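In what follows, a single structure is set out as structure tokens and then discussed.
The values are calculated or read from the model by the stated rules, or taken from the named source; none is laboratory data. Small disclaimer: the values here were computed from a predicted structure and weren't measured. No Cβ is skipped: glycine too gets one built from the backbone with ideal geometry, and neighbour counts run over all protein chains shown. Note: areas computed on protein heavy atoms with side chains; ligands, DNA, RNA excluded. Shrake-Rupley method; radii C 1.70, N 1.55, O 1.52, S 1.80 Å.
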Amino acid sequence: MWGWDVVGGSAAQRWRDVAPLVALTVPVLAGAGLWFAGQRGAADVCWAATTAVTLLVTLRWLVQSLRRHRIGVDVIATLALVTSLLVGEYLAGAVVALMLASGHTLERYAQGRATRDLHELLARAPRRARRRGPDGDIQDVDVNDIRKDDRLLVGPGEVVPVDGFAEDAATLDESAVTGESQAIERRAGDRLASGVVNAGAAFGLRVASVAAESTYAGIVRLAEEANAEKAPLVRLADRYSAAFVPFTLILAGIAWAVSGQFVRAVAVLVVATPCPLLLATPIAIVAGLSRAARRGVLVRNGGSLELLGRARTLLVDKTGTLTAGRPEMARVLTAPGGDGDELLRMAASVEQLSSHVLAAAIVRAAKDRSSRLVAPTEVTEEPGQGVSGRVDGRLVRVGQHGGDVPDWAARARQQAEEDGLSTVWVGLDGVLAGAVLLRDPVRPDAKDTVRRLRQAGFQRVIMVTGDRPEVAERVARAVGVDDVVARCSPHEKVARVRTESDRAVTVMVGDGINDAPALATAGVGVALGATGATASADVADAVLSVDRLDRLADAVEIARRSRTIAAQSAGVGMGLAVVAMIAAAFGLLPPVAGAFLQEGIDVAVILNALRALGSGRTRS
């Protein structure tokens, strides 16, 4: 507001934030001391100087508004200062100046709170990593030199530098990224997001994404954009000022014309000065951004938060959003006479070298059964088809199966489709030997999240998915959505988002690359960034950095509360200002008393806006 940017939370920066208020308070207090000492002429000089200096600032604001072809409340602040000087109401002008400086200081406070999380993110961004060399030696390298499939060593207390798969069991502190305070146990084969801290012994990490494409880098990029941009609600306040400014000038003119006392017009202008009042709106929005960040939700800007606060329709992807996106083994089927445990062991041994999400599920299932996995040889992987290799001298192929299948396999495939399970076929020495059936469980917090979103004001919740109708319907019944669109391609998702957006403000939630176009089309696109899907996170308006869907409900509740507080602050404050203006027009409020009254009104509504920094009713 006074030309300084928030660049950090240092003592020097904090001093710069309060400097305008201090610089104006000193001469005002000096003038008060001189006035009580009987030096009223010297007191007026102090107050007049304070008014004149502030007038230069408001004139700059006015010029900037005119260049944007807008007339806002800057004209009222300027006229109040000018007329105070003209009629010799120097104390009134000085109080208006303090009012403007108070609004600046409170705004900087809110911005500082909102950017604190960003500074912490930037400060802990990993710069170096320890990479295992081909001979087993450890090399200290820059994170930008890390490549996919590199093997890293993450020591105790170190930040995981890039997304990858744990090679050993690990204990992690994920609080900086997810907001969860307790340590999390991860098993070998689990995918780990960058930015979490190793809270246990050293473990190996196989790189899944380079630094620029990792979860933490995406969160930092989004956080850098999540600043105090002017939200639509702030522009709405500007539109209010389009009516407020003429009303003020007309009322001041009438008061002068009827009474013949120019001082009444000055009093109306002084009381009407609402610049800090309008600051209450962005302060509430910025405070909401800060609160959402502390809940693990990074919102791109104030406009996105404001839209989230008035959205009425939610479209949500199924896989990885309403479901865990982390398949679990349901059961193992074998050809007649086969050994299920041995089949699973052979399949998991080959899948150890695959980065496919289904491969990780098979490996986890085998380890849970304490199977003795061995290192495969002659391993090849055909994307979209499967993996093959030799285990204990036998050729093992895991993946899809084309062509005809025996009767037992046909029955297994039909049963799997009816149960909504994924089928991974296993072949031994060129013969179909069995299948591993996997399920994608519904998130335990999905149903409660949908219920909370309805309570927050969403009127329609629609699930869109590329999955089969029978699977989609089963998930829909479990979580309680209003409508289901199955076998939905990315193009069809975009079309549905556009259709719903024509009816109401729409939110789209997804986690995969195929969700990115729909997220970009929606009024507010929300990505589950904890899954590492950077394509969707890059186009989203908000990212859930914690792998918990209930944080979406938290974000909506925060957005609605921030928007309500902003509207409440602006509406009540301007209403009180109008009452005071009418009193001033009738001569009941002289300029000095009106200035002090307006100062109280503005500070009160700005402090009310700062309530958006509080927790409200969101859960832990």
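Observations, loosely collected:
- If you go through region 312-333 and keep only what is crowded, with 24+ Cβ neighbours inside 10 Å and closer than 13 Å to Val556 by Cα, you end up with just Leu314.
- Condition check for Ala580: small (Gly, Ala, Ser), at pLDDT 85 or above, over 27 Å from Ala311 (Cα atoms) and in contact with a helix residue (DSSP H, G or I) (Cβ under 6 Å, 6 or more places away or on another chain): yes
- Members of region 388-400 found to be open to solvent by 70 Å² or more (accessible area, probe 1.4 Å) and assigned to a loop (DSSP other than H, G, I, E, B), listed by number: Asp392, Gln400
- Region 80-94 residues that are over 10 Å from Asp44 (Cα atoms), paired with ones that are not in a helix (DSSP H, G or I) (beta carbon under 6 Å, 6 or more apart): Ala80/Thr273
- One residue from Gln385, Gln455, Gln414 being within 30 Å of Glu557 (Cα to Cα) and either surrounded by fewer than 19 Cβ atoms within 10 Å (Cβ to Cβ) or in contact with a Phe, Trp or Tyr (Cβ under 7 Å, 6 or more places away or on another chain) (or both): Gln455
- Pairing each residue of region 294-321 that is in contact (Cβ under 8 Å) with a residue 40 or more places away in the chain and more than 14 Å from Leu519 (Cβ to Cβ) with any residue that is open to solvent by less than 10 Å² (accessible area, probe 1.4 Å) and basic (Lys, Arg), provided the two are 6+ apart or on different chains, yields C-beta distances under 7 Å for Arg295/Arg551; Gly296/Arg551; Val297/Arg551.
- Of all residues in region 294-303 being surrounded by fewer than 24 Cβ atoms within 10 Å (Cβ to Cβ) and not charged (D, E, K, R), the one that is farthest from the chain's Cα centre (by Cα): Gly303
- Figure legend. Inter-residue proximity from region 195-217: first residues open to solvent by 10 Å² or more (accessible area, probe 1.4 Å), second residues modelled with pLDDT of 75 or more and part of a helix (DSSP H, G or I), beta-carbon distance below 7 Å, spacing 6+ or different chains. Indicated pairs: Ala211/Val143; Ala211/Asn144; Ala217/Ala211.
- The strands (runs of 3 or more DSSP E) falling completely within region 437-542 include none with 3 or more residues that are modelled with pLDDT under 85 and under 16 Å from the mean Cα position of the chain (by Cα).
- Among the conditions (1) surrounded by fewer than 19 Cβ atoms within 10 Å (Cβ to Cβ); (2) within 15 Å of Ala478 (Cα to Cα), Val450 misses just one, which is (1).
- Filtering region 139-163 to residues that are open to solvent by 80 Å² or more (accessible area, probe 1.4 Å), over 26 Å from the mean Cα position of the chain (by Cα) and over 19 Å from Ala199 (Cα atoms) leaves Asp140, Asp145, Arg147, Lys148, Asp149, Arg151.
- Matching residues in region 573-592 - criterion: being outside any helix (DSSP H, G or I) and surrounded by fewer than 23 Cβ atoms within 10 Å (Cβ to Cβ): Phe586, Gly587, Leu588, Pro590
- Options Arg310, Arg294, Arg239, Arg264: the member that is modelled with pLDDT of 85 or more and under 30 Å from Val497 (Cβ atoms): Arg310
Condition check ((1) in contact with a Ser or Thr (Cβ under 8 Å, 6 or more places away or on another chain); (2) part of a helix (DSSP H, G or I); (3) under 28 Å from Ser209 (Cα atoms)) across all residues:
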{"position": "Ala348", "(1), (2), (3)": "yes, yes, yes"}
{"position": "Ala375", "(1), (2), (3)": "yes, no, yes"}
{"position": "Val405", "(1), (2), (3)": "no, no, no"}
{"position": "Val424", "(1), (2), (3)": "no, no, yes"}
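- Counting residues in region 72-80 that are open to solvent by 50 Å² or more (accessible area, probe 1.4 Å), of a type in the set (Asp, Glu) and modelled with pLDDT under 85 gives zero.
- Entry remark, region 542-572: residues being open to solvent by 30 Å² or more (accessible area, probe 1.4 Å) and farther than 17 Å from Gly325 by Cα number 9 in total.
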